[in-house]
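**Q** Shown below is the structure under consideration.
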Amino acid sequence: MAKGKTYLKKDDQVEVIAGKDKGRVGKVLRVLPEKNQAVVEKINMIKRHTKPAEMNQQGQIVEKEAGIDVSNLLLICPECTKTGRIGRKFLEDGTKVRFCKSCGEALGSKA
């Protein structure tokens with residue numbers, strides 16, 4: 001499977017636009033480019049049954065976040081607080097940045 005391109009990065013605020021968690025907002029914990037997915041905090045929760053690791057420990061049911069396809073996520077601009085499309089451009093010093101297409105502000109610039 002080919003590695004997918006994504007505009008999301010860790011710690012981005014995103015909104016879910018499709019699926020059972022539609023309309024919910026969360027922070028990106030991990031990006032999985034090989035699966036074209038992202039793991040978002042408290043979104044797409046699944047239950048996993050675990051065996052006891054030691055003799056005196058009990059088995060349990062663990063709830064954790066599963067990956068959600070990046071096509072079902074929209075980035076929230078920290079400047080204008082709107083969800084919208086994201087573009088990429090090069091600055092004068094040659095660095096590549098993401099920018100919000102609704103307000104034009106650069107996202108995640110280390111300036």
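**Q** Mind checking which residues of segment 42-74 are more than 20 Å from the chain's Cα centre (by Cα) and among the acidic types (Asp, Glu)?
**A** If the condition is that a residue be more than 20 Å from the chain's Cα centre (by Cα) and among the acidic types (Asp, Glu), then GLU54 is the only one that fits.
**Q** Might you check whether a residue that is under 13 Å from SER71 (Cα atoms), at pLDDT below 95 and out of contact with any strand residue (DSSP E or B) (no Cβ under 7 Å at 6 or more places or on another chain) occurs anywhere in segment 29-47?
**A** Scanning segment 29-47 turns up at least one residue that is under 13 Å from SER71 (Cα atoms), at pLDDT below 95 and out of contact with any strand residue (DSSP E or B) (no Cβ under 7 Å at 6 or more places or on another chain).
**Q** Pick out the one residue from LEU73, LEU107 that is modelled with pLDDT under 90, out of contact with any Ser or Thr (no Cβ under 8 Å at 6 or more places or on another chain) and not polar (S, T, N, Q). Steps first, answer last, please.
**A** Numbers: LEU73 fails: modelled with pLDDT under 90.
Residue meeting the stated conditions: LEU107.
**Q** Checking the structure you have, find out if any residue of segment 34-41 is aliphatic (A, V, I, L, M) and in contact with a helix residue (DSSP H, G or I) (Cβ under 9 Å, 6 or more places away or on another chain). First the steps, then the outcome.
**A** Going residue by residue through segment 34-41, those that are aliphatic (A, V, I, L, M) are 38-40.
Subsequent filtering for residues that are in contact with a helix residue (DSSP H, G or I) (Cβ under 9 Å, 6 or more places away or on another chain) retains 38.
Yes, because at least one residue in segment 34-41 is aliphatic (A, V, I, L, M) and in contact with a helix residue (DSSP H, G or I) (Cβ under 9 Å, 6 or more places away or on another chain).
**Q** Going by what's in this entry, would ASN56 be described as of a type in the set (S, T, N, Q) and surrounded by 12 or more Cβ atoms within 10 Å (Cβ to Cβ)? First the steps, then the outcome.
**A** Numbers: of a type in the set (S, T, N, Q): yes; surrounded by 12 or more Cβ atoms within 10 Å (Cβ to Cβ): no.
In short, no.
**Q** Quick check on segment 10-18. Is at least one of its residues out of contact with any strand residue (DSSP E or B) (no Cβ under 6 Å at 6 or more places or on another chain), basic (Lys, Arg) and surrounded by 11 or more Cβ atoms within 10 Å (Cβ to Cβ)?
**A** No, the conditions are met nowhere in segment 10-18.
The values are calculated or read from the model by the stated rules, or taken from the named source; none is laboratory data. Worth saying up front: this structure is predicted, and the values here are computed from it rather than measured. FYI the Cβ positions are ideal-geometry reconstructions off the backbone, even for glycines, and counts take in every protein chain you see.
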